[in-house]
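Participant: Got a structure for you, written out below as structure tokens; questions coming shortly.
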Amino acid sequence: MRGSMSRVVVVHGVGRQLDTAETLLAEVGSALRGGVALALRRDPTLGRLADGDIACAGYGDLYRQPGTRGEPYYRAEDVEPGFETELLEAWWREAARLDPRIPGPDNAGPHAAGPGPAARGAVGRLASRPLAVDRVRRALQALTRTRFFGAVSDRLLISDLKQVRRYFTEPELRAAVRARAAELITPETRVVVAHSLGSVVAYEALCALGPDRPPLNLVTLGSPLGLAGLVYDRLQPAPRQDGSGVWPAPVKEWTNLADRGDAVALVRELAPRFGPEVRDLLVDNGSEMHSMRAYLTAVETGTAIATGLAR
């Protein structure tokens, strides 16, 4: 298998259904190498990358609709009540918190609800579908006109919501996605780098591998793993009875990086959830708060990867 001896495995997030592992590698590889190069400028004793060291776990094709040309033309009416509506509102609330110029859920018009538990991981369901669709339109209008999601159309934002929801609600799809990551994590793997929903995929794949694998480092970027209710409480394995998350047995060091303006990484510190061993770092991605490329070119990310390679 190509990439089976790679020391760095990268797991992407949503919105990559037209990519393959090879096309991802062409984009991700240069960004990752750039971040590691910046880290080596600061500390030449860190580990270095060799040819063939990077492999990408591509799973976007599993989301492609057979016999169609690209994504369906989604509209506000296609956002389903429950998980999709709740996640959309959580993003909306966080974007408004980060930027006061964005009209948030609590001042979005006559149908706005009062402060709910959305930011805490659960959002009350709206009473009627017409009001719900109107609220979805307001959320989409707010998000797609902001610097957080400004480059994303309504159609693609809804597609992203559906991909996250499908991962958590369709067991066969979830298993197939996870398998794409697990098959690349070999005894030679030293670092797993995972972005956005990919951090959930990588986390669950690593937990399933068990403690008999050689230790490796986990680097999560823009991760939603700490979002209670919608993500954290749906993880496999589930959090313990005391509320703490299970530590993936093969992971020796875990570095979690988040841009302070990343509205997808609503909970930017994972240590309170998974233990003080998680090293939480803030990075500055400029105007590309949630971009995988921006995260990978950060010197902090390069340092975390090169530290794992140095072992």
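No value in this document is a laboratory result; all are computed from the given coordinates. Since the model is a prediction, treat every value here as computed from it, not as a measurement. Glycine also receives a Cβ, built like all others from the backbone with ideal geometry; neighbour counts cover every protein chain displayed.
Participant: Taking K and R as +1 and D and E as -1, what net charge do the other residues with C-beta under 10 Å from the C-beta of GLY58 add up to?
Facilitator: Residues near GLY58 contribute -1 overall.
Participant: Counting only helical runs of four or more DSSP H residues, what would the 222 nm mean residue ellipticity of the chain come to if each run contributes -39,500 (n - 2.57) and the total is spread over all its residues?
Facilitator: -11500 deg cm²/dmol
Participant: Mind checking the log10 I(q)/I(0) for the stretch 247-311 at q = 0.12, 0.16, 0.17 Å⁻¹? Debye, one equal scatterer per Cα, no solvent, two decimals.
Facilitator: For the stretch 247-311, the Cα-only Debye profile gives -0.31, -0.55, -0.62.
Participant: Still on this structure, I have one more. For labels at THR45 and GLU188 in the simple 7 Å Cα→Cβ model, what's the distance in nm?
Facilitator: For THR45 paired with GLU188, the spin-label model returns 2.8 nm.
Participant: What is the Cα centroid distance between the stretch 1-55 and the stretch 247-311, reported in whole angstrom?
Facilitator: After rounding, the separation between the Cα centres reads 15 Å.
Participant: Mind jotting down the three principal axis lengths of the stretch 171-311 based on Cα atoms? Whole angstrom, largest first.
Facilitator: The principal-axis extents, from largest down, are 38, 36, 30 Å.
Participant: Sticking with this one: Spin-label point model (7 Å from Cα, Cβ direction): what's the ARG240 to GLU80 distance in nm?
Facilitator: Label at ARG240, label at GLU80, 3.4 nm between them.
Participant: Search the structure for amide H atoms under 5 Å from the amide H of VAL283, placed 1.01 Å from N in the peptide plane, and list their residues when 5 or more places away or on another chain.
Facilitator: Hits under the 5 Å cutoff: ALA258, ASP259, ARG260.
Participant: Find how much the distance from GLU288 to GLU170 grows on full extension, using 0.36 nm per residue of separation minus their present alpha carbon separation; answer in nm with one decimal.
Facilitator: Fully extending the segment from GLU288 to GLU170 adds 39.4 nm.
Participant: Computed FRET efficiency, Cβ-Cβ of THR23 and ARG279, R0 35 Å: what is it to the nearest 0.05?
Facilitator: The pair THR23/ARG279 has a calculated efficiency of 0.65.
Participant: Once amide H atoms are built 1.01 Å from N in the peptide plane, which residues 5 or more positions from CYS56, or in another chain, come under 5 Å H to H?
Facilitator: The answer is VAL10.
Participant: If you don't mind, another one. So between ARG260 and ARG97, what do we pick up on full extension, going 0.36 nm a residue minus the alpha carbon distance?
Facilitator: Net length gain for the segment: 57.5 nm.
Participant: So what is the relative contact order for the chain, in percent, with contacts set as C-alpha pairs under 8 Å and at least six apart?
Facilitator: 25 percent
Participant: Of GLY222, GLY104, GLY286, which has the largest mean-square fluctuation in a 10 Å C-alpha GNM of the chain?
Facilitator: GLY286
Participant: Residue by residue through the stretch 262-268, which ³J(HN,Hα) values in whole Hz follow from phi under the Karplus form 6.51 cos²θ - 1.76 cosθ + 1.60 (θ = phi - 60°), with glycine and proline marked x?
Facilitator: Each residue of the stretch 262-268 in turn: 7, 6, 7, 7, 4, 9, 7 Hz.
Participant: To continue, here is another question. Sorting check: for 227-234, 23-30, 295-302, which peptide has the highest mean count of neighbouring beta carbons within 10 Å, and how do the rest follow?
Facilitator: Top to bottom by mean Cβ count within 10 Å: 295-302, 227-234, 23-30.
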